[in-house]
2 protein chains.
Amino acid sequence: MHRAMDALQEANLAATACQELVVGEDAMEAAVRALLVGLGEDHRREGLRRTPKRVAKAFRDGTRGYKQNVKDIVQGALFPERGVDKRTGSAGGTGGQVVVRDIDHFSYCESCLLPFSIQCHVGYVPSGGRVVGLSKLSRVADVFAKRFQSPQRIANEVCSALHASIQPAGVAVAMQCWHIPLPENMKCKSSQVWIRTSHSSRSGVFEGENSSLWNDFVALLKLRGIDMEMDSHSHILPWCPLRPHEVPPCNGYAKRTTNDVTTSPKSGSTPSSMVSAVSSMLQSLGEDPLRKELVGSPQRYVQWLMRFRACNLDVKWNSFTLNSACVYERPVEDATDHGEIKSEMHLPFCAQCEHHLLPFYGVVHIGYFGNGDGKGIDRCTFQALVNFYGCKLQVQERMTRQIAEAVYSVSRRGAIVVVEANHICMISRGVEKIRSSTATIAVLGHFLTDSCASASFLQNIIPSTTHGGNKMEL
Amino acid sequence: MHRAMDALQEANLAATACQELVVGEDAMEAAVRALLVGLGEDHRREGLRRTPKRVAKAFRDGTRGYKQNVKDIVQGALFPERGVDKRTGSAGGTGGQVVVRDIDHFSYCESCLLPFSIQCHVGYVPSGGRVVGLSKLSRVADVFAKRFQSPQRIANEVCSALHASIQPAGVAVAMQCWHIPLPENMKCKSSQVWIRTSHSSRSGVFEGENSSLWNDFVALLKLRGIDMEMDSHSHILPWCPLRPHEVPPCNGYAKRTTNDVTTSPKSGSTPSSMVSAVSSMLQSLGEDPLRKELVGSPQRYVQWLMRFRACNLDVKWNSFTLNSACVYERPVEDATDHGEIKSEMHLPFCAQCEHHLLPFYGVVHIGYFGNGDGKGIDRCTFQALVNFYGCKLQVQERMTRQIAEAVYSVSRRGAIVVVEANHICMISRGVEKIRSSTATIAVLGHFLTDSCASASFLQNIIPSTTHGGNKMEL
């Protein structure tokens, strides 16, 4: 009863927030403000004050493809270039092709409105004695990536747009895409749970079962370690994790049941005012919220956001850990040289950046001094602590401090916490630093004065990525 | 005598081109046109027609840091955030720090005006109860990278600018930089010859031999595979290869002799009109060509460009290969299953992109049908062919075709050529697709009709990079 009233009150607040246009603000910003209120946040607090502006800008920038024109991009960048022979229709490169591999892009999933990552490879066989500037293949891919999309549609649209604008003998597009999983499915080996699919699209001379040009294209990708054949068996999971009942997509054109678009998330968890706010955002961005593929998407986006809803409960950490069920005898051989230092490494988390309403995710490493009785704190307890501070609108610095303080409150001799995270906001918008990764550290008690202790803890962290590996791993 | 006259004539032509301002064109574009003329090119031909506009834009964009203000970037992105304790001066994160690792940037070498690649890692210890938005660390680094620079100066300037604008307890900056080698030093394992240095700069609590915060910073970098200690011994080569007499820089502040800045390149190879054109470009970009570190740089840039000077000689490939010195007996075990297919893989090259006046570099793989006499063509002959077509203003598609046609002219049964390249223009400007790599293929003769033959050739190429590895490798 109380909960129903709370929900009603929040919905009203959100509706009001959505309607209240602050001077100089647009409808997008008001909608984001409604989402913040719906999440139980105070949208006037410092960290959130300019979040509506940032989120509106990010969405506008991230969907700029709606306003771009492929012909404008390609037209000025066609260069005359004789092919290896003069046979009609293939003068630019008979038997040859041009392939740009490993073009990184970001797009928005039309099913849940969250960003997903793309590694795109584009090939074409020049014709008519002209080639296109190499960077244009990337720019054209970007036009279709910067929309609300499905991976297969991007591949198809890039392929046909390039075919129409360059008029080559054929175009081949291959893509690997990664979708963020639900926070509760984030496991330590986070690279394993990112949902991956492969898609391709071809035209002209690349078409057909036995196209030798397609085979050459696949072989040229293999030289960069990209195995399209292996990939065709790699996506047994459904693509968008917020549509769990969806039929897994197949390689090439994704198969979908026609009913699944109407699968609506559980009601109750998605206040209708928030859903309307998201629909109005879609409209502001020039999209049609009634487009078949977008039906249900605002609900799913709100469903995702609600997982990060503000919680006013204080974590009962002290009494929790004193519960004997969560304290276990740690085998002696687990102790480090410093005897008393205990650690729990690579605890996974997924938080929501409060500045950009975009996920940041990674792992938490915790070190503390034991109480000399050989007893440690159970990993499940630490994971609960990480989940409590991680699964909300957050900033990494605060989360690190909060976990350190909580650990210190039960291990008064000292606590050290390292958080390593990838920030989607650093990757998908603005600075677009795809490989960047942020580490924060908070130190309390003995770890502050005993630099050997903290050094020993840091040395014991096993790197969870090989440098320069897949950007989705941490 | 003839050569002296030619040089004079070219100098005059270049000077004229530099003075002739086309309507709507600026001084930068006229200067680029003068460089094209100096290189013996027809600046009106299709591929070069808009090169001045592109190069001017790239230089302007690549040096935009001169016009940017760090305070503007940081000011709006300081967020109140309580630290783990309230001790004055370190409230934002006592004993803790925030580190963003693996930020990719590009800068221009002030010694030769060519771009170089940076991997930057920035850490700071918050103070005064406030943290800075993570992306701003990257944006501030960009302000100093986007200038004519030396690696150590970037590290120092980023460090002190962040210290002044965030007012933290301390700032740590670590960077790895890669400089392109001279084309003649490009070897097959190109990653080995890219000139690499490491630099660092620190302020506040990171300073001092025994700063535990610096040690933590180094430990957090190690989690990403970045070893600053190892790096401190890794740069025994001089940094800018166009200043061969320079004293190798040391880790931390680079030591330099004061005389080396006046080391001028050999005269004669650098027409003075081209040098003046480059000086005028520097001025247009807001730089002082008389700044100590830039003295001699226009000469060095012209020296670099002149390595790609147009050559009107036709390669005497037919007679060349018929020379018995270049034909050798190939051991039988080197033959593939198809018996007659011969190949020469991973022939390195460095060309100059004619659209952007920026290098593209990589490897060429050549396959051909033998003449049944067991004799093959020597690798040194193929390398000479690759150098001839590679070392000029080029586009990858044309270079691929030209090499294929040349091979076909002596091996009439069939030729297949694959060129794999990294384009600095794709990486350092515009689309900034750091990991992208372009492959082109040209096929002639039997390889066109026998798809098994071309497939077998492609399968025999050993990938020269692991996917997602260092961007400087191919």
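The values are calculated or read from the model by the stated rules, or taken from the named source; none is laboratory data. Computed from a predicted model, the values in this text were never measured in an experiment. Quick reminder, even Gly has a Cβ in these numbers, built from the backbone with ideal geometry, and neighbours come from all protein chains shown. Heads up: the accessible areas ignore ligands, DNA and RNA and are worked out on the full protein's heavy atoms, side chains in. Shrake-Rupley method; radii C 1.70, N 1.55, O 1.52, S 1.80 Å.
Leaving out ligands and nucleic acids, and using a 1.4 Å probe, what accessible area per residue does segment A:121-178 come to in Å²?
19 Å²
Residue by residue through A:135-148, how many Cβ atoms from other chains fall within 10 Å of the Cβ on average?
Shielding by partners across A:135-148 averages 2.
Quantify how strongly other chains surround peptide A:438-450 by giving the mean number of their Cβ atoms within 10 Å of each of its Cβ atoms.
6
Partner chain Cβ atoms within 10 Å, averaged over the residues of A:385-396 - can you pull that number for me?
For this peptide, the per-residue mean of nearby foreign Cβ atoms is 1.
If you take the accessible area of A alone plus B alone and subtract the pair, what total do you get in square angstrom, rounded to 100, with a 1.4 Å probe?
Looking at A and B, the buried total is near 6800 Å².
In segment B:196-230, what residues drop by 50 Å² or more of accessible area when the other protein chains are put back, versus the chain on its own? Use 1.4 Å, and skip ligands and nucleic acids.
B:216, B:220, B:223, B:224
I need the calculated FRET efficiency for the pair residue A:293 and residue A:69, taking r as the beta carbon distance and R₀ as 22 Å, to the nearest 0.05.
That pair, residue A:293 with residue A:69, gives E of 0.45.
Could you work out how far apart the two model spin labels at residue B:272 and residue A:384 are, taking each label as a point 7 Å from the Cα in the direction of the beta carbon, and quote it in nm?
8.3 nm
Pairs A:433/B:67; A:292/A:392; A:146/B:71; A:67/A:292: which exceed 26 Å Cα-Cα?
Over 26 Å Cα-Cα: A:292/A:392; A:146/B:71.
Placing the label point 7 Å from Cα along the Cα-to-Cβ direction, what are the distances from residue B:184 to the equivalent spots in the other copies, shortest first, in nm to one decimal?
When each copy's label point is compared with this one, the spacings are 6.8 nm.
As an exercise, use a Förster radius of 41 Å and the Cβ-Cβ distance of residue A:184 and residue B:227 to find the FRET efficiency, rounded to the nearest 0.05.
About 0.70, to the nearest 0.05.
Could you pull out every residue, at least 5 positions away or on a different chain, whose amide H is within less than 5 Å of the one on residue B:149? Hs are placed 1.01 Å off N in the peptide plane, and Pro or chain starts have none.
Residues meeting the criterion, in which the H sits 1.01 Å from N, are B:108, B:109, B:110.
What gaps in nm, shortest first, separate residue B:310 from its twins in the other copies when you place the label 7 Å past Cα toward the beta carbon?
The answer, with the shortest distance listed first, is 6.8 nm.
Rounded to whole Å, give me the distance from the Cα center of segment A:399-415 to that of segment A:445-462.
So the two Cα centres are separated by 14 Å.
Give the nm distances, rounded to one decimal, from residue A:167 to the matching residue in every other copy, measuring between label points 7 Å along Cα toward the beta carbon; shortest first.
6.4
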